[in-house]
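Heads up: the structure comes next, in structure tokens.
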Ligand code: CTP
């Protein structure tokens, strides 16, 4: 079924996320449109991650997916009408439907994309109210709901129990996601009971154009250089290719991408902002400045673990023909570990580990746990045909849940795509495992 979900404002918007997730798991193609107020409760990036499709919130914005539903080919031309999504839907579910949205529907007001779509809908429309009990029981709301039913809309009644406002109980809780989905299926004559919600990630959805729209992705790339004196440094062989490929894929899917690039000599990927840095300290500073705004951190840079404790500000001279030189090294900050300690719910952190030969996966797993990451991408640098300066890579993506995904040798951009697919799944999983709130 092509299911269009219209989300209006209310704490229960988080249940619409779960409904979308259930519907996707049950094999339906889901698109979401939101009222501007609903974005205060759940951002469009959350719905995009779950449905694998861009989310629209405005009648006048272009749909990057051109009115298509996930799994459908992208039409050659953008549709003329901003109502293409509702015209092509099998069922339009408005959940949660706030008292205000219900009143607008009853009056035929079309002042945002959700109410406009409802007026234009030719498919069955289901309305799931969610609000405070006094608002729900108010005669105005009751009369509006009755009117909607008389006009053939399906009203999915709210439940009774604890409400969002502290200490309040009563009627007004949005129906449970499984009930919402069952009601939509029933409207199409499909009585199959939806499968129970699982806490596991739903697997990587297909990457549809615009799926990362509104998602802020911070990528680090390249290798840091730590000055010994005014001309010499301690560096590493990282070219930045993997990080730039990741940035290119993410930007191509609509993300706002910033690359903190340590000594990378490559052209910037289209649409990404590049912040050049040289040392681990500069990289750390650039990341700290941007991390709180990032939804996703892809830490692909090779960051020095040590730096000369007292770099000379001039070129060091040989003191005698065969004299040796001692350089004292001091540890640098482990940027990823520090950032992980400050992470906010919903942020996805991915580390990268270049490991040598046997035991690579064990080292990777140890780093995944120690640095408290969502995933770590491990590659074996003992193989000359992949890694560092080569155009190809072969990696294993280890997940926090114990998953292991092997990406066979392929171009760095194909490997980047596989990593971004994993990120989309992680974003979706992180959004549906946040602490539950009533109503
Ligand atoms: N990393 C970091 N800051 C550092 C070192 C590493 O943020 N000072 C990040 C890297 O960008 C990478 C991950 O941590 O995403 C793993 O890097 P790696 O060098 O493999 O980890 P280390 O903890 O330094 O372990 P090792 O002893 O193997 O060097």
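The values are calculated or read from the model by the stated rules, or taken from the named source; none is laboratory data. Predicted, not measured: the structure shown is a model, and the values here were computed from it. Virtual Cβ from ideal backbone geometry, glycine too; neighbours counted across all protein chains shown.
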- So which of 36, 54, 64, 70 ends up being surrounded by fewer than 23 Cβ atoms within 10 Å (Cβ to Cβ), more than 17 Å from residue 22 (Cα to Cα), within 18 Å of the chain's Cα centre (by Cα) and in contact (Cβ under 8 Å) with a residue 12 or more places away in the chain? 64
- Flag if residue 141 is farther than 22 Å from residue 19 by Cα and buried (at least 19 other Cβ atoms within 10 Å of the Cβ): yes
- Test result for residue 120, over 23 Å from residue 181 (Cα atoms) and assigned by TED's automatic domain parsing to the domain that holds residue 104: no
- Query: What number of residues within region 68-101 are under 11 Å from residue 3 (Cβ atoms) and part of a loop (DSSP other than H, G, I, E, B)?
  - Reply: 4
- Do we have residue 106 as out of contact with any strand residue (DSSP E or B) (no Cβ under 7 Å at 6 or more places or on another chain), part of a loop (DSSP other than H, G, I, E, B) and in contact (Cβ under 8 Å) with a residue 12 or more places away in the chain here? no
- For the subset of region 354-391 comprising residues that are part of a loop (DSSP other than H, G, I, E, B) and within 25 Å of the chain's Cα centre (by Cα), which member is nearest to the ligand (Cβ to nearest atom)? 371
- Of the residues that make up region 220-228, is at least one under 30 Å from residue 47 (Cβ atoms), under 19 Å from the mean Cα position of the chain (by Cα) and at pLDDT 95 or above? yes
- Message: Looking at region 1-41 only, could you name the residues that are assigned to a helix (DSSP H, G or I) and touching a helix residue (DSSP H, G or I) at 6+ places or on another chain (Cβ under 7 Å)?
- Response: 13, 15, 17, 18, 19, 20, 21, 22, 23, 24, 38
